[in-house]
Each structure stands twice: as C-alpha cells, then as structure tokens.
Amino acid sequence: MHTSRFTSAASTLLVGGVLCAWLSPRSTLAAKSALSAREIMDQVTVTRKLDGSEAVIKMSSVDEKGQSREREITMATKLYDGGKTEKRIYRFLSPADVQGTGILVFDYETKADDVWIYLPALRKTRRIVSSQRAQSFMGSEFSYGDLNIPALDDFNYTLVKEESFGGEPCWVIDLLPKSKETGDAEGYSKKTYWVSEAKQAVVRGLYYDKDGKLLKELVAQDLKLLDPKNKRYRAMHMEMINKQNGRRSVFESKKVTFAPNTKDEYFTTTYLERS
C-alpha cells in the first residue's frame, strides 16, 4: 500500500429515531416491542455499514501487569453487491515490528467471510479460514470474528429486557449459535448485546466461553453519525476487556471520513502485498 497516499485519503477504521419523551410507559413499551430481536439485529447490521470509509486507528493493548503497547493502523471499507458484502483492508503503520502487515477482509452477509493476512517479513500472504475466526486479531483481545458482521442466520435471538447503558436506553439481546460448528468457530457459547434504541448500534457486549463462563466485555463509545442521510453510525472508541486474564485492547479512531468513492484497488490481494 502506498501509505502516504492512503493516510492522506484517511485524513479525517464490527441507529433509528429517538422515541418521543411524552409517550406514556405503556405506549412506549408497545412501540419498542414492535420489533423482534432478529429484526433489531438486522437493523444493527445495516446501521454499521458505510458505503465507504477511510480511517486512521490507534490500537492499544494492555496486559495483566498494566504494560501497554500501541499500534497505528490505516483502514478502508467499501460496500459491494448491493450492500451484502463489506470489504475492508487494514495496514499497520507502526511500530517497526508490524509495519507493512496488511489484512484484507471480505465480510459477507450470508456466508463465511474471506480473510487474508500479508506478513512482510515472510513476503507471504496466507488465508485465514472461517473456522479460525476466533483467532486473535494481531495479538489483541479482539478476534477476527469480533470485528466482522456475523451471518445472522447462524444464530437464534432473544430479546431479554430493556435497560440503559452509558445513558442510552437499550434493548438487551441474547445471541445463541444454532450449531456447534458456529460456536466452535467463534469461540463463544453465547453473546449478549446492549443495542441503543435511538441509534440501533451495539454499545456493550458480553461474550461467554464454551463452558458458559463470562470471557470478554465490549464497550463501544462515542457513536459518530458519519452518514446522516442513511443514519449510519460508527463507534469511535471500542474497548474489549478479557474478564478471565485481565487484559484489554482499545480501538480508537483518530481520523475517519465517510468516503463512498474509496478506490476499488485497495480491496485486492495485489494491493495488500504492496509495501
């Protein structure tokens, strides 16, 4: 990737209307209950998709001893197939030991994602198969699966309750994998999401390991409206906390732009391998 051009392009890198305050509790509950858990998650999937974007991200990881390491990443995204496929490319700018590492993702709506990682030290691109999406994203507490949009048909959904989080009235939804294969690939027996009713975006997530014990907690903050016309939001700050080992990782979008005309050439393995 031509880093300077890409970073320059990213110069500014997985919702609904606000209910009126005057509604009575009964009428408000009726309005909220009009959507099923699956319909809410369908809308969450739509809300997080931008026609295109370019960003600069700081990824920080803190170990159980409080020691931190930081990495700077550029990211670009673009929608294809009428919005059914989101393509993303990440390029690590620093520190030196990961500089030039690239990750290309084809995030499909209804089938297993395609992921390629380019390692400059080996001058080699390898593919991450769908059964490996529980694998850590570059040593962080986020997995590849955490950063992608899951195939919605692979899960069962239950609207558990309504509860505020971070000042946002939320729907609380349980996601259970329909098959052992899906659970094994993701590494979770259950996920629980707090979905903002106003923005229809996930603001909190709990992830349970295969034994049903709490493994990780996601907190998404500073939801920014990047595409007002289509009401598309993106969290500028995402923190994943490992509740079992005390480690945590933060993705902070330092600069981000809504860029529907992002170049198609970014989303190829040929571009991935450019230094």
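The values are calculated or read from the model by the stated rules, or taken from the named source; none is laboratory data. Computed from a predicted structure; not experimentally measured. Backbone-built Cβ (ideal geometry, glycine too); neighbour counts: all protein chains shown.
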State whether the residues of region 80-103 include one that is modelled with pLDDT under 90, of a type in the set (Gly, Ala, Ser) and under 28 Å from PHE155 (Cβ atoms).
no
Would you mind stating whether GLU168 is within 18 Å of the chain's Cα centre (by Cα) and acidic (Asp, Glu)?
no
Elements of type strands (runs of 3 or more DSSP E) in region 42-138, at least 3 residues being surrounded by 15 or more Cβ atoms within 10 Å (Cβ to Cβ), basic (Lys, Arg) and under 14 Å from the mean Cα position of the chain (by Cα):
none
Any residue at all in region 250-273 that's touching a helix residue (DSSP H, G or I) at 6+ places or on another chain (Cβ under 6 Å), closer than 18 Å to GLU54 by Cβ and surrounded by 13 or more Cβ atoms within 10 Å (Cβ to Cβ)?
yes
Residue by residue through region 165-200, note down the ones that are in a strand (DSSP E or B), touching a Gly at 6+ places or on another chain (Cβ under 7 Å) and crowded, with 21+ Cβ neighbours inside 10 Å.
LYS191, TYR193
For region 146-164, which residues satisfy the criterion of being surrounded by fewer than 21 Cβ atoms within 10 Å (Cβ to Cβ), in a helix (DSSP H, G or I) and of a type outside the set (A, V, I, L, M, F, W, C)?
ASP153, ASP154
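Which of the residues spanning region 101-153 are under 18 Å from GLU217 (Cα atoms) and among the acidic types (Asp, Glu)?
GLU141, ASP146
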Single unsatisfied condition, ASP97 versus (1) touching a Ser or Thr at 6+ places or on another chain (Cβ under 8 Å); (2) farther than 24 Å from HIS237 by Cα:
(1)
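Quick one: which residue in ALA185, ALA201 is aliphatic (A, V, I, L, M) and touching a strand residue (DSSP E or B) at 6+ places or on another chain (Cβ under 7 Å)?
Details: ALA185 fails: touching a strand residue (DSSP E or B) at 6+ places or on another chain (Cβ under 7 Å).
None of the other options fit; the residue is ALA201.
Got a sec? Which of LYS243, LYS229 is at pLDDT 95 or above, of a type outside the set (A, V, I, L, M) and over 30 Å from ARG123 (Cβ atoms)?
Details: LYS229 fails: at pLDDT 95 or above.
Checking each option against the conditions leaves just LYS243.
So which of VAL203, VAL219 is surrounded by 21 or more Cβ atoms within 10 Å (Cβ to Cβ), out of contact with any helix residue (DSSP H, G or I) (no Cβ under 9 Å at 6 or more places or on another chain) and assigned to a strand (DSSP E or B)? Don't jump to the end; show me each part of the working.
Numbers: VAL219 fails: surrounded by 21 or more Cβ atoms within 10 Å (Cβ to Cβ).
It is VAL203.
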Checked region 173-200 for anything at pLDDT 95 or above and within 14 Å of GLN132 (Cα to Cα); matches are TYR188
